[in-house]
Amino acid sequence: MKKILLLLVLVGNIAFAQKLTKDQLSEKLAEKACGCAEKQEITKENFELSIGICLLEGINAFEKDVEKHYGKDVISNDKKMEELGYDVGKKMGSKCPTIFKFMLDEEEEAAPDESEELSVSGKVSEIKTEQFITFVVKEATGKTNQFILLSNFDNAFLLTDKVLKATDEVDVTYYEMELYDAKLGKFVSYKIVTDIIKK
């Protein structure tokens, strides 16, 4: 009898361990989507279709967990699919940055008002090199602007090759875009640099 009870407890624990939280599920789906997408030759033209197919593979692999958190009709329910896509998309940023760049390009095209080019002049006061390069430019008025380097351009080497130093005078061209900040748990408006000229 004791052995049967122990076996039931073990089976129960294994079954319980397979139940993923919503966060764990989006993590697994992002891993699966990234793995699937990286095996394919993604282009601007086939991006949406490829990601859709990769996401469906993940949904099928974790069917029960998807049903639990998003409902049975997730594929035919636009609102639920959008929620799932959003949850998975924000996890893909750190897991497959190349694919994430395609997602940003899609978003950029879908929101042309956000990609309006702006410019600012001032002194570089800080440069941080983490997952992305960020830097702060202080204007003559004392106002500070934080920028993020997301894509390549002619003068990007000033940042990538560490040519630019704090106190250098620069002209920065940029556009604003909302990106999901996982630490803050919300979308934040970032200034994305498109050109930088050292004076």
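The values are calculated or read from the model by the stated rules, or taken from the named source; none is laboratory data. If you're wondering where the values come from, they're calculated on a predicted model, not measured in any experiment. So basically every Cβ, Gly included, is an ideal-geometry build from the backbone, and we count neighbours across all protein chains shown.
Structure notes:
- Top-ranked residue of region 166-178 - restricted to ones that are in a strand (DSSP E or B) and free of Cβ contacts under 8 Å to residues at least 60 places away in the same chain, ranked as nearest to Glu83 (Cα to Cα): Tyr174
- For region 41-57, a residue qualifies if it is in contact (Cβ under 8 Å) with a residue 12 or more places away in the chain and closer than 18 Å to Thr98 by Cβ, and the qualifying residues are Ile42, Lys44, Phe47, Glu48, Ser50, Ile51, Ile53, Cys54, Leu55.
- All positions within region 137-166 that are of a type in the set (Gly, Ala, Ser) and either within 13 Å of Glu126 (Cβ to Cβ) or surrounded by 12 or more Cβ atoms within 10 Å (Cβ to Cβ) (or both): Ser151, Ala156, Ala166
- Leu104 hydrophobic (A, V, I, L, M, F, W, C), modelled with pLDDT of 85 or more and farther than 16 Å from Lys22 by Cβ: no
- Among the residues of region 47-74, the one identified as of a type in the set (S, T, N, Q) and exposed (fewer than 14 other Cβ atoms within 10 Å of the Cβ) is Asn60.
- Total residues in region 116-165, condition in contact with a strand residue (DSSP E or B) (Cβ under 7 Å, 6 or more places away or on another chain) and in a strand (DSSP E or B): 23
- Qualifying residue in region 70-79 (condition: assigned to a helix (DSSP H, G or I) and of a type in the set (S, T, N, Q)): no
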